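Chemist: To start, I am sharing the structure in question, which I have written as structure tokens.
The values are calculated or read from the model by the stated rules, or taken from the named source; none is laboratory data. None of the values given here were measured: they were computed from a predicted structure. All Cβ positions, glycine included, derive from the backbone under ideal geometry; neighbour counts span all protein chains shown.
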Amino acid sequence: MKLALGCIADDYTGAADLANTLTRAGLRTVQTIGVPADELKLPEVDAVVVSLKSRSIEAGLAVSRSQAADKWLRGRGADHVLFKVCSTFDSTDVGNIGPVMDALRGSSGDAIVLVTPAFPETGRTVYQGNLFVGAVPLNESPLKDHPLNPMHDSNLVRVLARQSKTKIGLVDLATVVRGPEAVRARLANLSEEGIGAAIIDAVFDRDLETIGEVSLNHRLSVGASGIGLGLARALVTAGGGRKDAAGKTMEAPVGGPAACLAGSCSQVTLQQIANAEEMMAVLHLDPDRIITGQDEARRALAWAAQRITEGPILIASSATPDQVAALQSRHGRDAAGHAIEQAMADIAEGLVRLGVRRLVVAGGETSGAVVDRLGIPGFLVGAEIAAGVPVLRAVGAKEGEMSLALKSGNFGGPRFFSDALDLMH
Ligand code: ADP
């Protein structure tokens, strides 16, 4: 099997978003957690998204991990690799977008790299090299106050120039709307001027399609899920991919008991838990017992063992904002969050030992802790339960076939837990 597209994502949730976007656009896609082992057996897929946690680490480390991912993807036949960054271009003057781009460009042999974080469906557009978040330029958006990467300059030509060793140019919207040939001609001019990377304007999906078509003649591109969409559409137009990329994932049922875990305390999740009470047995954990080191996970597993063969169950640590604030003031925010995440991971591990093979997890950090603990190397992306939340089929898990749904707190409709289980056979 030869990959049509390889992707390296600088964080986990961005990788999940990209993998979901590629699947919706018609590419069968696996998201891996970190650079996979050489022996990882992939199902029949068109694209692999390697998720790294390299957005805010030291630049040298981000480079070496990205190079390892690039080598793995190229080794599986990927002619084109997309380095996936945040659609708000989260980075600082020391990186990591510039240094990683420079290193990957070096090994790709490309004279010039196309760069755009535009993703119009989420309000990210680029005009004259300036990134807009909704109606405001990046430097006026909430990203100006980001705790790790405050973004004070909306002009991405300047932002990238401060991080990269190569000269940065611009392909403006007037050129993009004239189509692929005009973009190619402009890139050729820039590259003659010694420019090694170009920010490309994009305001509508059709601009991304033009960029995707041009990018396929290159070995490397840099951007967010929007350029992923453009690449996927160009590949499908060229005869790759398939109409129902998500469908095949569901062909062989996983079966076995099903369970849900909730660690998110968002309003949306609290309502989803309340609704689930009508459909399944629900256990509310005692967060104080977790943090003070009493074996709340074991109590939960004993409770689960008695019910799991009768139907799905839900175990939740979630609490109202007042309760969360009170708990945090007693124990400290980080200590409380970490202890509860680890307890949820203990419970997930125990549930799998009880035979659970269909697992729904609510909460971004909670999902991360659970996936790390279960040591699942990757996921094949399936049908969407709610916008941005697909059913995932584990790839290379030691437990064999497993189906998961991982959602950030605010995602999903009021009956998310039963909606998810309906699609996870
Ligand atoms: P979301 O996607 O809604 O942000 P996360 O799982 O990312 O959800 O974050 C929720 C955080 O709150 C986690 O660190 C989790 O351990 C913690 N948490 C869960 N239950 C409670 C609780 N009852 N009190 C305080 N913190 C909690």
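Chemist: Among helices (runs of 4 or more DSSP H) lying entirely in segment 152-210, which contain 1 or more residues that are touching a residue at least 24 places away in the same chain (Cβ under 8 Å), over 25 Å from Leu229 (Cβ atoms) and charged (D, E, K, R)?
Modeler: 156-163
Chemist: Quick one: is Pro99 part of a helix (DSSP H, G or I) and of a type outside the set (Ser, Thr, Tyr)?
Modeler: yes
Chemist: Does Gly169 count as small (Gly, Ala, Ser), closer than 25 Å to Glu209 by Cβ and surrounded by 22 or more Cβ atoms within 10 Å (Cβ to Cβ)?
Modeler: When the stated conditions are applied, Gly169 passes them.
Chemist: When you scan segment 88-95, do you find a residue that is within 28 Å of Ala234 (Cβ to Cβ), under 21 Å from the mean Cα position of the chain (by Cα) and surrounded by fewer than 17 Cβ atoms within 10 Å (Cβ to Cβ), even just one?
Modeler: No, every residue in segment 88-95 fails to be within 28 Å of Ala234 (Cβ to Cβ), under 21 Å from the mean Cα position of the chain (by Cα) and surrounded by fewer than 17 Cβ atoms within 10 Å (Cβ to Cβ).
Chemist: Among the listed residues Leu374, Leu421, Leu380, which satisfies the condition of being away from the ligand (no atom under 15 Å from the Cβ), free of Cβ contacts under 8 Å to residues at least 60 places away in the same chain and not small (Gly, Ala, Ser)?
Modeler: Leu374
Chemist: Can you name the residue in segment 255-280 that is out of contact with any helix residue (DSSP H, G or I) (no Cβ under 7 Å at 6 or more places or on another chain) and within 15 Å of Gly355 (Cα to Cα) and, of all such residues, is nearest to the ligand (Cβ to nearest atom)?
Modeler: In this case the residue turns out to be Pro257.
Chemist: Condition (residue is within 9 Å of the ligand (Cβ to nearest atom) and either aromatic (Phe, Trp, Tyr) or not assigned by TED's automatic domain parsing to the domain that holds Val268 (or both)) applied to segment 398-411: is it met by at least one residue?
Modeler: Yes: one or more hits.
Chemist: Right, something else. Restricting the search to segment 300-324, which residues are within 9 Å of the ligand (Cβ to nearest atom) and in a helix (DSSP H, G or I)?
Modeler: Gln323, Val324
Chemist: Give me a count of the residues in segment 258-275 that are surrounded by 18 or more Cβ atoms within 10 Å (Cβ to Cβ), modelled with pLDDT of 95 or more and in contact with a Pro (Cβ under 9 Å, 6 or more places away or on another chain).
Modeler: Qualifying residue count, segment 258-275: 4.
Chemist: Identify, please: which residue in segment 325-354 is assigned to a helix (DSSP H, G or I) and over 27 Å from the mean Cα position of the chain (by Cα) and is, among those, nearest to the ligand (Cβ to nearest atom)?
Modeler: Among residues in segment 325-354 that are assigned to a helix (DSSP H, G or I) and over 27 Å from the mean Cα position of the chain (by Cα), the one nearest to the ligand (Cβ to nearest atom) is Leu327.
Chemist: Checking the structure you have, find out if any residue of segment 245-254 is under 23 Å from the mean Cα position of the chain (by Cα), more than 21 Å from Arg357 (Cα to Cα) and either modelled with pLDDT under 95 or more than 16 Å from the ligand (Cβ to nearest atom) (or both).
Modeler: Yes; the residues of segment 245-254 include at least one that is under 23 Å from the mean Cα position of the chain (by Cα), more than 21 Å from Arg357 (Cα to Cα) and either modelled with pLDDT under 95 or more than 16 Å from the ligand (Cβ to nearest atom) (or both).
Chemist: OK, next. Can you find a residue in segment 204-211 that is in contact with a strand residue (DSSP E or B) (Cβ under 6 Å, 6 or more places away or on another chain), more than 30 Å from Gly382 (Cβ to Cβ), surrounded by 16 or more Cβ atoms within 10 Å (Cβ to Cβ) and not assigned by TED's automatic domain parsing to the domain that holds Ser403?
Modeler: No - not one qualifying residue is present in segment 204-211.
Chemist: Testing Gly179 on (1) on the phi < 0 side of the Ramachandran plot; (2) at pLDDT 95 or above, one condition comes back false. Which one is that?
Modeler: That leaves (1) as the condition not met.
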